[in-house]
1. Quick one: net charge around residue 79, please, counting Lys, Arg +1 and Asp, Glu -1 for every other residue with C-beta under 15 Å from its C-beta.
2. Among residues other than residue 89 whose Cβ falls under 12 Å from its Cβ, what is the net charge (Lys/Arg +1, Asp/Glu -1)?
3. Could you work out Rg/(2.2 N^0.38 Å) for the range 23-87, with Rg from alpha carbons only?
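Each value in this text was obtained by applying a stated rule to the coordinates, not by laboratory testing. Fair warning: this is a prediction, and the values are worked out from it, not measured in the lab. Cβ: placed from backbone, ideal geometry, glycine included. Neighbour counts: every protein chain shown.
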Amino acid sequence: MQISPYTSKCKLALLYVPYYRDKILLQRIGNHLRNIRLSKKLTQEEVSYRAELDITQVGRIERGAVNTSICVLQRLAKALDIKLKDILDF
């Protein structure tokens with residue numbers, strides 16, 4: 001029997017890693033963002049425009065419904081005229 005160069009003698013074991021999402025952490029970040037936005041007397045619409053995000057995305061982030069990226073948090077920080085670290089300082 002000839003072994004093809006594309007065939008391995010070893011079988012690959014696939015490791016399933018479930019998607020991890022800390023709902024409590026996401027809600028805390030979202031509540032903190034909402035409090036910052038309200039303290040600056042801004043609407044979700046104004047923040048979404050400044051951050052160039054869809055308004056529904058801002059709402060989902062504030063509710064903790066989505067696991068957003070650091071890049072999106074940076075855009076929100078810039079829109080709120082704060083530093084990124086201020087979003088995570090709660």
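1. Numbers: positive: 34, 37, 40, 41, 50, 75, 78, 83; negative: 45, 46, 52, 54, 62, 81, 86.
Charge balance in the 15 Å sphere: +1.
2. Neighbourhood net charge equals +2.
3. So the range 23-87 has a normalised radius of gyration of 0.95.
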